[in-house]
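Okay, so here's the structure we're looking at.
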Amino acid sequence: MNLKFQYNKTSLQNLDKQLKIRLRAMPTLKNKESALRMEVKNARKLNEELGKKLEQTIRGEENNLRMWNEFDDSLLKIRDIKLSYRKIAGVKIPEPGEIMFSVRDYDLFNSPKWYPDGLERLKELIRLTVEKQLMEKKYALLEYARKKTTQKVNLYEKVQIPAYENAIRRIKRYLEDEDNLARAAQKIVKTRKQKTVEAGL
């Protein structure tokens with residue numbers, strides 16, 4: 001990282017201020033990164049569990065394929081999905097809420113007896129599918145935030161902080177050298193004056 005700076009006290013103060021901001025932010029960023037890492041791990045686990053549960057539910061219905069072929073799929077529609085949001089380490093995450101269905105009227109006497117039970121099974125399958133999709137979204141959002149936070153931690157830790165420290169060190173050395181040269185020049189001038197005064201006497 002090429003920092004642009006001047007060899008003066010103003011530039012030194014600005015760089016020192018920027019360095020302090022980054023040093024103060026590091027513990028917070030590291031905590032956020034570790035929190036996100038844990039959340040990503042949990043989300044991955046829950047996503048896998050939901051996937052297995054959904055797969056088992058679908059497999060459980062494979063024996064009833066002939067029944068499902070008779071089912072009128074226009075009976076059940078999703079009317080609305082209520083979502084709530086919560087923040088995890090500063091990341092807004094969707095959480096599944098209530099899924100509202102609209103069930104079209106059907107003739108209970110002329111329809112197969114298993115329709116009411118089939119509607120409930122279908123609702124459960126839809127709930128699981130929506131939960132799985134939201135969990136995948138949650139996992140993707142958390143993973144993205146974790147990557148960004150890790151990048152920022154690495155940027156601060158491995159690039160910016162060392163660059164600021166190096167620039168501050170260089171400016172301090174330059175100012176010390178300049179100060180030493182000024183003192184040396186004053187001593188030389190003072191010595192010359194003394195010699196001239198002594199020579200004049």
Exercise. With the checklist (1) of a type in the set (Lys, Arg); (2) loosely packed, with under 14 Cβ neighbours inside 10 Å; (3) at pLDDT below 95 in hand, flag the one item LYS123 doesn't pass.
Key: (2)
Exercise. Evaluate region 127-150: report whether one residue or more is over 30 Å from LEU29 (Cα atoms), open to solvent by 30 Å² or more (accessible area, probe 1.4 Å) and either at pLDDT below 85 or among the aliphatic types (A, V, I, L, M) (or both).
Key: no
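I'd like the residue in region 39-81 that is under 17 Å from LEU134 (Cα atoms) and β-branched (Val, Ile, Thr) and, out of all such residues, is least open to solvent (accessible area, probe 1.4 Å). Before the answer, list the steps.
First, pick out the residues of region 39-81 that are under 17 Å from LEU134 (Cα atoms): 39-55, 78, 80-81.
Filter again for β-branched (Val, Ile, Thr), leaving 40, 78, 81.
Values: VAL40: 3, ILE78: 82, ILE81: 64 Å².
Only one residue tops the list, namely VAL40.
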Quiz prompt | Subset of region 5-24 [under 23 Å from the mean Cα position of the chain (by Cα) and exposed (fewer than 14 other Cβ atoms within 10 Å of the Cβ)] | solution = LYS20, ILE21, LEU23, ARG24
Quiz item: Any residue in region 88-104 that is assigned to a strand (DSSP E or B), open to solvent by 60 Å² or more (accessible area, probe 1.4 Å) and in contact with a Gly (Cβ under 9 Å, 6 or more places away or on another chain)?
Solution: no
Practice problem: Give the residue that is farthest from LYS123 (Cα to Cα), with candidates limited to residues of region 37-68 that are touching a residue at least 60 places away in the same chain (Cβ under 8 Å) and of a type outside the set (A, V, I, L, M, F, W, C). | Solution: ARG37
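The values are calculated or read from the model by the stated rules, or taken from the named source; none is laboratory data. Just so we're clear, the structure is a prediction, and the values are computed from it rather than from any experiment. Cβ coordinates were reconstructed from backbone atoms using ideal geometry, including for glycine residues, and neighbour counts include every protein chain displayed. Quick note on the areas: whole protein, heavy atoms, side chains included, nothing else; ligands and nucleic acids left out. Shrake-Rupley method; radii C 1.70, N 1.55, O 1.52, S 1.80 Å.
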